[in-house]
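One structure below.
The values are calculated or read from the model by the stated rules, or taken from the named source; none is laboratory data. What you see is a predicted model, and the numbers here were worked out from it, not measured in a lab. Don't worry about glycine lacking a Cβ; one is built from the backbone with ideal geometry, like all the others, and counts go over all protein chains shown.
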Amino acid sequence: MSASTERHRAAVPYLYYDDVPAALAWLCRAFGFEERFRLELPGGFVAHAELSLAEGVVMVGNIGPRNAGPPPDRVRSGVYVFVDDVNGHFDTARRAGAEIVDEPADQSYGDRIYLALDVEGHEWYFAQHLRDVEIAELSGKLGGHR
């Protein structure tokens, strides 16, 4: 068994924002997403939206009664997105003002990734898959931890 991108294509993250229209515009400009769906209610309230990038989808909605508490002291979620050219994607995100946490770097599990924060602090990992890594090889690089 090897680590590959195939097992990562089924999950669809759902992110909540205080200002959905601003977040949608920024995510498209900075990270190259395309808006594919927006359910806008009277008064401009966006109840639900979907963004796409290649074959991936991210759902976006407003902060609601269930999740309206104060921001947590720690990160509660992250999004891992595969792109064809992680270095080019990184350059675009940086030019658009994304807060870069980690610059592109090759990882032991076969991906080259960078980490950025969006306008409301969600973590976004953008990755380019470079090679499949056998689980035994990966376990050895991680010191045998599973």
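Things worth noting here:
- Filtered residue count, region 84-114, keeping only those that are among the hydrophobic types (A, V, I, L, M, F, W, C), surrounded by fewer than 20 Cβ atoms within 10 Å (Cβ to Cβ) and modelled with pLDDT under 95: 2
- Residue that is part of a strand (DSSP E or B), modelled with pLDDT under 90 and of a type outside the set (Gly, Ala, Ser), where the choices are His48, His145: His48
- Pair list, Cβ < 8 Å and 6+ apart or interchain, from region 21-43 residues that are free of Cβ contacts under 8 Å to residues at least 40 places away in the same chain to residues that are outside any strand (DSSP E or B): Pro21/Gly44; Phe33/Leu27; Glu34/Cys28; Glu35/Leu24; Glu35/Cys28; Arg38/Leu24
- Residue match in region 9-28 (condition: on the phi < 0 side of the Ramachandran plot, surrounded by fewer than 13 Cβ atoms within 10 Å (Cβ to Cβ) and modelled with pLDDT of 90 or more): yes
- Breaking point among (1) of a type in the set (Val, Ile, Thr); (2) in a loop (DSSP other than H, G, I, E, B); (3) at pLDDT 80 or above, for Val57: (2)
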